[in-house]
Amino acid sequence: MVDGIASFDAAEWDACAGSDNPFVSHAFLSALEESGSATARRGWQPVPIAIDDACGQLAGVVPAYAKSHSQGEYVFDHGWADAWTRAGGQYYPKLQIAVPFSPVPGPRLLARDPAVAPALIGAAEAVVRQHNLSSAHATFVAPAQVPLFEAAGWLIREDRQFHWANDGYATFDDFLGALASRKRKAIRKERAAAVQGLEIVHLTGGDLTEAHWDAFWAFYQDTGARKWGRPYLTRPFFSLLGERMADKVLLMLALRGGRPIAGALNLIGADTLYGRYWGATEEVPFLHFELCYYQAIDAAIARGLGRVEAGAQGDHKLARGYVPVPTWSAHFIPDPGFRQAVADYLAAERRAIERDIEALAEMAPFKRD
């Protein structure tokens, strides 16, 4: 383990992380750390696990944290913590392999050579055993890496999100053409109502200024206070994001008379637009759907991206063309009795999730053959 992601050379880290997913980049993760958003004081102590090659260069790394609570993860294990505590155990600290506050599927075993990945899993297990931790949890694991954790004996947990897929659409109207008539009309009506009297702007790269971040910070604080009691991210995080990753940021603002009243923050991946945060200082019907879902589809089509991932939860996304897809996490629990109890729970939960995905897919707004 190494003290902090910021202590790594950015180029070496990114050589392992790749360029597809901006959330595992050195710029994003170190900004969380340096801004005071993901720190030991906030219950997210960065403890990245690294393996060097024979030449002393970084061969692989795991973005890991020692967690003293279960907030900001979006894969809920509070019941597990309660059960282990009632049995006389100490659930926290636990090892969390994740991107803090970001329910975004992506690689969790970052390696220049994929052959290193199993060794990274072994290193994480060793950390748990050496420090007598209750467990390790890799959340929102990219589907391609799930079999690696499964082969190592980790318990696999299934959940779901709603993603939009670009089926070769050239325009938003092309997408609407794939929907049932009633749904198509409803979306057009929503969009017209949402933007009445407003201007929508998309900002990225050099167009982003501190004034824009000030406006978005007000939106984010309002949403964070209502959802979590206290926003997870600090104001300096957004400045660092703009400073280090401006070309990966797509900030959408709704303006009334030139004044921002709402905004949605997205990050741009190699083939995916990731919707992350939203907020508003003025209540406007359907504006949330417009900024977070429809404008994201517009942007993905314009950029030739294959997918929009709009974050966790939200069955209301289904009617807007976002369909249910499975997401995965992996869990290492050394105690045999505790592991078996969790395994039984996960087996039942998976059956329920799979039935839920199947039922929701039948309700998708697309035309039937």
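For the reader, a short list of remarks on this structure follows.
- Beta carbons closer than 7 Å, at least 6 apart along the sequence or on distinct chains, pair a first residue in region 197-212 that is hydrophobic (A, V, I, L, M, F, W, C) with a second that is surrounded by 13 or more Cβ atoms within 10 Å (Cβ to Cβ) and not in a strand (DSSP E or B) for 200/295; 203/212; 208/242; 208/246.
- Elements of type helices (runs of 4 or more DSSP H) in region 73-184, at least 2 residues being without any contact (Cβ under 8 Å) to a residue 60 or more places away in the chain and farther than 30 Å from residue 368 by Cβ: 78-86, 117-130, 146-151
- The set of residues in region 290-324 that are at pLDDT 95 or above and open to solvent by 40 Å² or more (accessible area, probe 1.4 Å) comprises 298, 302, 303, 304, 307, 323.
- Members of region 266-277 found to be within 20 Å of residue 237 (Cβ to Cβ), surrounded by fewer than 22 Cβ atoms within 10 Å (Cβ to Cβ) and of a type in the set (A, V, I, L, M, F, W, C), listed by number: 268
- Of all residues making up region 283-332, the number that are part of a strand (DSSP E or B), aliphatic (A, V, I, L, M) and out of contact with any Pro (no Cβ under 7 Å at 6 or more places or on another chain): 5
The values are calculated or read from the model by the stated rules, or taken from the named source; none is laboratory data. Only a predicted model underlies this, so the values are computations on that prediction, with no experimental measurement involved. Cβ atoms come from the backbone with ideal geometry, glycine included; neighbour counts cover every protein chain shown. Ligands, DNA and RNA are stripped out before the accessible areas are found, and what is left, the full protein with its side chains, is counted by its heavy atoms. Shrake-Rupley method; radii C 1.70, N 1.55, O 1.52, S 1.80 Å.
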